[in-house]
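Data block below; observations after.
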Amino acid sequence: QPLRFAAVLADGERFHAFRLASDGQPPTLYFRQQARGITVASEPLCEEDKGWQMLDDGAVLSVDAQGCQLHSHTAAFAS
């Protein structure tokens, strides 16, 4: 079975949102940056709201008090 993974992990000071899959079909994970912060959701909360971006397969979004960083990783899976 393929590994398909989308999650957000937090420690009270920062959070990390992950999206990856061994078969190139990861679950959806979107983020939206606003003046008040960043929202992460499995689907856009309101389609009328602009600015939702889907995380790429293998991407990690890291957010802390200093801002956010988007990291792209090529997942190394054995077939």
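Give the carbon-plus-sulfur fraction of the accessible surface of the chain in %, rounded to a whole number; probe 1.4 Å, heavy atoms of protein chains only.
48
Let me know the charge dipole size of the chain about its Cα centre in debye, to the nearest 20, where only the beta-carbon of Lys, Arg (+1) and Asp, Glu (-1) is charged.
I would put it at about 80 debye.
I'd like the per residue volume of the convex hull spanned by the Cα atoms of the chain, given in cubic angstrom.
Taking only Cα atoms, the chain has a hull volume of 101 Å³ per residue.
What relative contact order, as a whole-number percentage, does the chain give when Cα pairs under 8 Å and 6 or more residues apart are counted? Mind dumping the intermediate values first?
Numbers: 146 pairs, mean separation 21.8, N = 79.
About 28 percent, as a whole number.
The values are calculated or read from the model by the stated rules, or taken from the named source; none is laboratory data. Quick caveat: nothing in here was measured; it's all calculated off a predicted structure. Using ideal geometry, Cβ is built from the backbone for each residue, glycine included, and neighbour counts are taken over all protein chains shown. Note: accessible area is taken over every heavy atom of the protein model, side chains too, but ligands, DNA and RNA are not part of it. Shrake-Rupley method; radii C 1.70, N 1.55, O 1.52, S 1.80 Å.
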